[in-house]
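Heads up: the structure comes next, in structure tokens.
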Amino acid sequence: AIGTVTFTTACANKITAAKNAYNALGTTEEKNAVTNYNTLRAAHVSYAILSMENPVTWNSEARVAEVLAAFNALNSTQKALVPSNVQNILTNANTRITNMRNARNAYINAVNALPSKSSVDYTTDHTNKVNAADSAYSAITAFNDTALTNSVSAYRTTHTNVKNNYNTIKGKVDALVALVNEIKGYMGSPAILDIATKIATANTGCITIC
């Protein structure tokens, strides 16, 4: 008998031996006579679930899909023979992979919505798009999954290049705004030379930015 399914070589060997014996039966009548076939099917899927990474990583996406399909192919009687704690492992794995996939797609979409690094500017629209990409990437790193992070490395490069140019322009604008505010503080004061110097510097900054 297979008994309780565990992730061990001994259990795997029992399931394999039972499958081979069933497949070796010559006729449909003989196979139909195997009254505990449902137990064999449930054991096979249970072992597949237990063999997955736990917790799963992005590298397991295809494996989780394969095992989920195997479980869904069971009939209701066979599914009921898969222990609830084992089913929970599959459910949690599928949920984690689904969340990873959604986060990955959201980040890719956010990066694709960014302006090019040569056209990015310090506008409300571009600021919102850069911030959206930043937030989407944070959702990626929250999984602490190297495979997932590596899967978006090309998009991360694009994101970084655009953000670097955006930050450069933002820095110039912020510096100029601060400078103009400082100049305004001189208004009405006798420091004429300082005023002229600040205005000249501000004009130079504006020309650089424009």
Exercise. For residue 182, what accessible area in Å² do you get when you roll a 1.4 Å probe over the heavy atoms of the protein chains, rounding to the nearest 10?
Worked result: 80 Å²
Exercise. Want the number for residue 128 to residue 98: 0.36 nm per residue separation, take away the alpha-carbon distance, what's left?
Worked result: 8.2 nm
Exercise. Which of the aspartates and glutamates could a cross-linker bridge to residue 163, judged by Cα under 17 Å and excluding same-chain residues fewer than eight apart?
Worked result: 121, 125, 134, 174
Exercise. Accessible surface of residue 158 in the full protein assembly, 1.4 angstrom probe, to the nearest 10 Å²?
Worked result: 70 Å²
Seminar exercise, completed: If R0 = 45 Å, then residue 112 and residue 20, at their Cβ-Cβ distance, give a FRET efficiency to the nearest 0.05 of 0.35
Seminar exercise, completed: Quick calc: nm separation of the 7 Å Cα→Cβ label points for residue 147 and residue 175 -> 4.6 nm
Exercise. Taking only Cα atoms, what is the 0 to 90° angle, nearest 10, from helix 153-184's long axis to the longest principal axis of the chain?
Worked result: 30 degrees
Seminar exercise, completed: Convex hull around the C-alpha positions of the stretch 68-184: the volume in Å³ per residue is 141 Å³
Problem set entry | For the stretch 89-152 versus the stretch 14-54, the gap between their alpha-carbon centres in whole angstrom | 42 Å
Exercise. Probe 1.4 Å, all protein chains in place: accessible area of residue 7 in Å², nearest 10?
Worked result: 120 Å²
Seminar exercise, completed: Per residue, the convex hull enclosing the alpha carbons of the chain has a volume in Å³ of 168 Å³
For this session: Show 166, 155, 47 ordered by accessible area, largest first, where the area counts protein heavy atoms only and the probe is 1.4 Å.
Result: 155, 47, 166
For this session: Please give the helix 61-72 orientation as an angle from the longest Cα principal axis of the chain, in degrees from 0 to 90, rounded to the nearest 10.
Result: 40 degrees
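The values are calculated or read from the model by the stated rules, or taken from the named source; none is laboratory data. Bear in mind that the values here come from a model prediction, so they are computed numbers and not experimental data. Methodologically, a virtual Cβ is constructed for each residue, glycine included, from the backbone with ideal geometry; neighbour enumeration extends over all protein chains shown. When the accessible area is computed, the model is the full protein with side chains, heavy atoms only, and any ligands, DNA or RNA have been set aside. Shrake-Rupley method; radii C 1.70, N 1.55, O 1.52, S 1.80 Å.
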